[in-house]
Structures are given as structure tokens and as C-alpha cells.
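Presented below is the structure to which this report refers.
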């Protein structure tokens, strides 16, 4: 497969996933903000979300304060934010169009319809009561795209690079969500109403509140939430589930391309092994923040290494 | 405004419905306007859904537009077509012989059959091709020859397209649309298929792989990218042939060998069907700041390590100033009489012909020698005195840039327009493939001028397309006529 084609598929996977993740993050923070000052300061909450989406510098260059209005606009419609929903939709479609013949018609239609509908929206879409409906719509479009890919794509190289992008982006998102609330997971942190609400917010952002109950059948406790999101392979958005996929997909790509491999293959295997071979206690004792910061850095490195080996020819 | 001269209608001659159109005429009569209008809408939905669009960026509005498709096909009888096909093959053989000659020994110039400066000083003459012979000595592997018709027996070549003619995807998609929209009507005709074009194209491309290519040649289609107006066609052809669609940055040259960058590492490329113009092919040789091409491509080409279709410099054969000499090429290289006629052409650079042109602007069509797309053109009978004065001044200022031809009464074909069915002028672009052998699929792209009386068929100027049918002359006795009638067209 052409390197450029693989590159476009990989970024199509990433941008589509990112759009959904931004919407999920927003939904969860909206809820936190509406709980009022007793449990969380709205400014702290919005700041956390903007940081999780990786755009703090760009945001502060434009806005003085982390108000809800500013954060929502920044994350949805602002085209100067490379990770805004608007940009994810635009970039996803641009990548899809460049490799149209590598997509199934169901995938193309999912992406293209999203783009067409988004162009018809007005600024009022993200205001007040209309915002939740808009976020639901974005989430559903990502689900549709993922479903179309999973259900209609030939399990060949095109699928693997798309899936690789989706999984890497998902891992990145989960890591960042944990990072912005890392204080809750520090050993000896207070287990009060506020920390409970924070735990809830993290779980909601990865659609796992129910999953937690199914796995633990217990009230929310920070170490268990961390374990679920980091260590439990049965949760599709946990770090280990995502890295397991990334590792496996890279092994198949290596076999596909006549044994072509680079540092990406080793990095992925190492990241997967590190999660598999450690208990959550070890990680929490060493500090979640340090662990996650390292994970995010490794994730960025892995992205660059994948590009070097496979996407830039 | 002068009236358009009476035109030959391909369906309705003085003697009534012409034989190839008998089935269509019966169908149209039985179907009625409402049913036809519904079919027209169905066709539009179909084309939108498949995404057969041409990109128009920078003009605002929908950047991906449809070329209007007319549902009434243009029909040629097998006998008519066979005669045309022989003429097309002959003409393209002569054009290739001419190219091999002017980049080689130059016999035709030495023989005094064509003025040397017209060729050698022409901006389309590519000096980098001098003394180099491409695989099998073929230069224009994919030629689009634009034909017009003025009577039952008279076809003329309006122009040759020897560089990167486009439109073949419409030929193929138009047929697919007709088969889906009018299955019964198609079934009652013995239609010669066109759907094997991509296979014929791939065979042609493989057959001109470099001599040193061992094994199955790797073929690619080189596109300028998604913002090019013909991008749909590029991706369509690559997809149909099952080859990679590459852009310049996907390729690189090392040791005079072309490679494409793949996930499995560099892969050698043997044949490039390039859909970018000569000027952009290789920044080392042509425009130095072009990012569409590949640095070193011409080195690899001249080293015999890769084949390019069409060959750089093939444009010298389709220059409008060279066109008047094509019949002479046929005689000179093939020792045959041309089977296809040229439109009589006046070269404004010749004093006596220029004088005639300036005196007869009101009845001539004036064209730029290097122009295309129907721009820079004066249609005398439809022009105002002001426009004629403007062209007269331009011709006097730069006579070499202009040619003139009589305004031909282009044939018409019934076309679905607002308010029913009306005659509209058409032309025809068949595609001629040359590799180990010459291959022509029966048909081509019929373009139709949708504006009443207009003679300009270019899609950029209000033109549409029709499916082009070549049908066996003898109706198939096993298909009864009543089938299409009894169903009333639904």
C-alpha cells in the first residue's frame, strides 16, 4: 500500500475518534459544571478539559479566563484549535477524500454525511439547550463511522492502518482524561463527595460508569477507577485494551509488509508489556501523574515512529 | 445574429427515422414526457450518489459539480462505426509516426511536406525528447480524437488530443447509468460493450513497459491530486485497473529508477500513466518550482527504466497549427489516402489565408492555435460586430496564434430539455489506445451543447454528455419490439 494512503487512513481513524472523544469529554464536564461550586469550581473543570484535549497554549493565547462559553467554543467550532470538533470533521473528511477508493462506500457516506450536515449548522448549535443534542450527534457519527469500518472493511492493510489510528487516539484520550484528574488518584487522597464526582466524571467521559458497576459491584473508589481505565483488558477504552490492539495490529502490519519494522514495533510491545506486567498498586505508589505523563510522551513518540516506519515511505 | 445553418439530425432524416434510432424513437413516443422527466431525475440522483463529479474550486458554491447527463442516447450503426474506427486507427498511426519522425530523423520536414520552423520552433516541441525513442516507438498511447458530423456520410476530425485527453470515465459511467435506468431498452438493442476499456488500457500500458522490465510490470496512475478537475476520472481509472493512484510526492528517483513509497518500503515502478502536464513532470527539466512531478523522472525515462504515457512532447502532434498537415502525414508515412477528413482550415500566419479570414469572420469559427476548452474562440455566425472587430485586431497583432474554419452545421441528436425534446448539437470523442497494437472500444464520449443553437459542447461552457451506442445494424430477431412498448418505459 502507498505510504500516503496508509497515512491518510491512520489520520482518518485518529480524527474520527478524536471528534467523538472531544464530545464525550465536553458532556462529562458540562455535567460537572452544572453540579455547581460545591463539588468543583467550573473554572478548574473547564481548564482541566482544555488541557486534556491538548490545547492549553492556544487557548490561553486567545482567552483570558477558562469560562464555560470560551471552552465550549474552543472545543467545538473554533477552527484555530486543531483538535476542535470542526477541525476533526474537516480533517477526517479531507483524509477520507484523498483515499476514497480505499474506503467502503458505507465509511465514505458516514464521513461525508457528517461533513455535509456539519456545514449546515449555525453558531446557535452549541448554545444553551442545543449543545447536548449536538454533542450526542457528534458521538453518534463517530460510532457510525467505527461501526461502518468494523462491519464493512476488508481485514487488509487499509483496515489495519485505520484501526491503528483509532486505537492510538483512544489510548491517548484515556491517558489524558486520567491525567487532568490525577490528584484524585494520589495515595491517601480524600475520598469525599468531590472526589466521587471526579471519579464519576472520568468514567462518564469514557462511557464506563455502568461498566465499573458490572466489574466491581462497589461504590466508586479512585484506585479501582484507575485500575479499570488502565489495567482491565475487558474495557474497550482502557489503556491496556488499546495498547494490546496497537501492539497486535503492528505485528500483523510487520508480517504484511515482508518483515518491515522499526522502533514503533518495539515501543508498542514495551508499552503493552508494561501495563500487562504491573499491578495498579505499583503504578499508584510511584504516582499516577508520573506514569501518565510518561505514557502520553510515549504515545507521541509511538506516533512519530509509526510515521517514520510506514507512513512517510 | 445569423441563423445556424440547417443541421443534419441523426435520428430524424428527411426520409423519417434513421435505422439505428428506430428503437429509441419508439421508446420515446411510448414513454411520454412525465416518465422521461422522472428518468432524468433518477439519473441525477444516481450520478450524485456515485460521486461522478468534476471539481471546480475557487468559484464559490458547490465545489463538486455534476456534468449534465442527457438520458437520450446517441446511436451509431455498426457499419458507421467500423468505418470511423478504421479512420481513427489510421489517423493515430500517422500521428505516432509523425512524432517518432520529428523527434528522430525529421524526414517529413526534409521532404518539404511540413515547414520545419512550424514544428521545431513550436513551443509544444519538446527538445528533451530529441533523439530518444520510447518503448515500441509509441508517443501518444491514449489519444482522444474529436469528431463532428454534418450528414449521414460526412464526419470530420475537429481536433486531435494527443496529450492527456480526459472524459473516458464519463463514457463508462454513462453506459452504466443507462443500463441501470433503461434495462429493457438496452436489452432490445444489440449494444456493443465499452466496459472492457479499463482492461484494454491496462493491457496497453503493460505492453509498453521498458524492455528491461522483468515479470509483470508495475503500473501507476499519476494525478495532480484531489483538487484537479479530473480527479474523479484519475481515481476511477486507477481503481478499475486495480493499480495505485499516486501523486508526485509518492514517487522518487534513485539511480535513474523510479520508486513509489509504500508501507513495505520502496517499490519499483515500470509504467506511469501520467495525468499531469509536461511542464509539471520533472522540476529538473521543466518548471523548476513544480511540486506535482518527480525530480529525476526524465532521467529515468531517458535511461529506459520507466515508461511514460503519453510521452512528453506528444502535444506537437495536436497543435492546431499542425492539424492541417495530418492528412499529409497519412499519405507520407502510411502511403494511404486518409479515411477521415479534416475540416478545411485557414492559417492566419499565411497572408492570403489571413486576408480571406478577415473578410469572412462572420461565417468562420476562429480559434487560438494553443487554446482548449472552447475559450478564446469566435463563432462567426453567432458573433456581434464588436466581437468580430476585436478578433480582427487580435489576428492582425498575432497572426500565428489563430486559425479559422468554416462554421460546420454540426449534427443534432434529440435531447431532453425544458419543455420537451429538442435537437441539440453534438460531437464525439472516441479514445484510441496504442501499445503493441491499436485498440478502440466501440463508442466514445458524446458531448452535447445544451443551449439551443449553441455549437460549444465543452462542459465548462454549458455542455452535457450522452451515452454513445454502437448497435449491430441488423436488429436481433430474438428480441421482439413489443417488449419495450408493452412496459411503457417503466
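The values are calculated or read from the model by the stated rules, or taken from the named source; none is laboratory data. Since we're looking at a predicted model, the values are computed, not measured. Glycine gets a Cβ as well: all are built from the backbone with ideal geometry, and neighbour counts include every protein chain shown.
Here the helices (runs of 4 or more DSSP H) wholly within region A:208-313 that include at least 3 residues being under 26 Å from residue B:266 (Cβ atoms) and within 14 Å of another protein chain (Cβ to nearest Cβ) are A:239-256. Where helices (runs of 4 or more DSSP H) fall wholly inside region A:1-104, the ranges with 3 or more residues that are within 14 Å of another protein chain (Cβ to nearest Cβ) and more than 16 Å from residue A:205 (Cβ to Cβ) are A:3-35, A:85-98. Restricting the first member to region B:39-56 and to residues that are within 15 Å of residue B:182 (Cβ to Cβ), and the second to residues that are modelled with pLDDT under 65, no beta-carbon pair is closer than 7 Å while six or more apart or on different chains.
Among the residues making up region B:258-279, none is in contact with a strand residue (DSSP E or B) (Cβ under 9 Å, 6 or more places away or on another chain), away from every other protein chain (no Cβ under 14 Å) and either surrounded by fewer than 18 Cβ atoms within 10 Å (Cβ to Cβ) or more than 20 Å from residue B:208 (Cα to Cα) (or both). Scanning region B:351-374 for residues that are more than 24 Å from residue B:341 (Cβ to Cβ) and without any contact (Cβ under 8 Å) to a residue 12 or more places away in the chain yields a total of 3. Once region B:227-249 is narrowed to residues that are surrounded by fewer than 18 Cβ atoms within 10 Å (Cβ to Cβ) and within 9 Å of chain A (Cβ to nearest Cβ), the residue that is farthest from residue B:307 (Cα to Cα) is B:239.
Residues that are under 17 Å from residue B:156 (Cα atoms) and under 19 Å from the mean Cα position of the chain (by Cα) are absent from region B:372-387 altogether. Every listed requirement among (1) closer than 22 Å to residue B:215 by Cα; (2) within 14 Å of chain A (Cβ to nearest Cβ); (3) in contact with a helix residue (DSSP H, G or I) (Cβ under 9 Å, 6 or more places away or on another chain); (4) at pLDDT 95 or above is met by residue B:252 save one, (3). Restricting region B:431-450 to residues that are in contact with a helix residue (DSSP H, G or I) (Cβ under 9 Å, 6 or more places away or on another chain) and within 21 Å of residue B:379 (Cβ to Cβ), the residue that is surrounded by the fewest Cβ atoms within 10 Å (Cβ to Cβ) is B:449.
Pairs linking a residue in region A:232-247 that is touching a residue at least 60 places away in the same chain (Cβ under 8 Å) to a residue that is surrounded by 23 or more Cβ atoms within 10 Å (Cβ to Cβ) and in a loop (DSSP other than H, G, I, E, B), with Cβ atoms under 6 Å and 6 or more positions apart or on different chains, are A:237/A:206.
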